[in-house]
């Protein structure tokens, strides 16, 4: 396989998700007739409108991860997705990457559904926080370092971005799930390495 093909495969997940977010934003901006600010009724239709979800519109729990309220919201999320997404690709397989991303995003949206009452929300930040959490704790756990600092750092970042008109529930849900999955993957791989080492040592003996 050529170097270009390897590079494409390596960075495919992050750029696929970035492309999907841009396509969805372009679509909602056309419907809104405004490329800067998406119409509130379009957000209610394609984002997560909790009253609608509770009445059967469960698909919004998924589509809301690709909808953004304005151009700055989109660009901010894509910036952090690029940073944490490319880092996650170095640590996890493509299946693990997508599992972390969508599990975190869906959990954040479910938490919003349970405690957000009449909230209308949208954005990829819950899923992005999941990637961030998974990377942060995976690196610490994989090399045998304390995970306390990783958890404190993760929640410190969570507090920094918290505020009004920010879906803190989605951020929290995504971060916690990302931390849990990252920890589990690191522990699993560490056990596998120990097993392979012991097996190799026994075979040589």
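Every number in this text was worked out from the coordinates using simple rules, so none of it is lab data. Not measured: the values here are computed from a predicted model. Using ideal geometry, Cβ is built from the backbone for each residue, glycine included, and neighbour counts are taken over all protein chains shown.
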Q. In segment 88-106, is there at least one residue being without any contact (Cβ under 8 Å) to a residue 60 or more places away in the chain and either at positive phi or not in a helix (DSSP H, G or I) (or both)?
A. yes
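Evaluate segment 69-87: report whether one residue or more is in contact (Cβ under 8 Å) with a residue 60 or more places away in the chain, outside any loop (DSSP other than H, G, I, E, B) and surrounded by fewer than 18 Cβ atoms within 10 Å (Cβ to Cβ). Steps first, answer last, please.
Taking segment 69-87 first, the residues in contact (Cβ under 8 Å) with a residue 60 or more places away in the chain are 78, 81-82, 85-86.
So of that shortlist, the ones also outside any loop (DSSP other than H, G, I, E, B) come out as 78, 81-82, 85-86.
If we keep only those that are surrounded by fewer than 18 Cβ atoms within 10 Å (Cβ to Cβ) too, we end up with 82, 86.
Within segment 69-87 (the criterion being in contact (Cβ under 8 Å) with a residue 60 or more places away in the chain, outside any loop (DSSP other than H, G, I, E, B) and surrounded by fewer than 18 Cβ atoms within 10 Å (Cβ to Cβ)), the answer is yes, since at least one residue qualifies.
With the condition kept exactly as written, say whether any residue in segment 121-136 is surrounded by fewer than 20 Cβ atoms within 10 Å (Cβ to Cβ) and out of contact with any strand residue (DSSP E or B) (no Cβ under 7 Å at 6 or more places or on another chain).
no
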Q) Does segment 157-191 hold any residues that are assigned to a helix (DSSP H, G or I) and closer than 15 Å to residue 112 by Cα, and which are they? A) 168, 169, 170, 171, 172, 173, 174, 175, 176, 177
Q: Determine if segment 83-99 includes at least one residue that is under 22 Å from residue 169 (Cα atoms) and touching a strand residue (DSSP E or B) at 6+ places or on another chain (Cβ under 7 Å).
A: no
Q: Determine whether segment 17-36 contains at least one residue that is surrounded by 15 or more Cβ atoms within 10 Å (Cβ to Cβ) and in contact with a strand residue (DSSP E or B) (Cβ under 7 Å, 6 or more places away or on another chain).
A: no
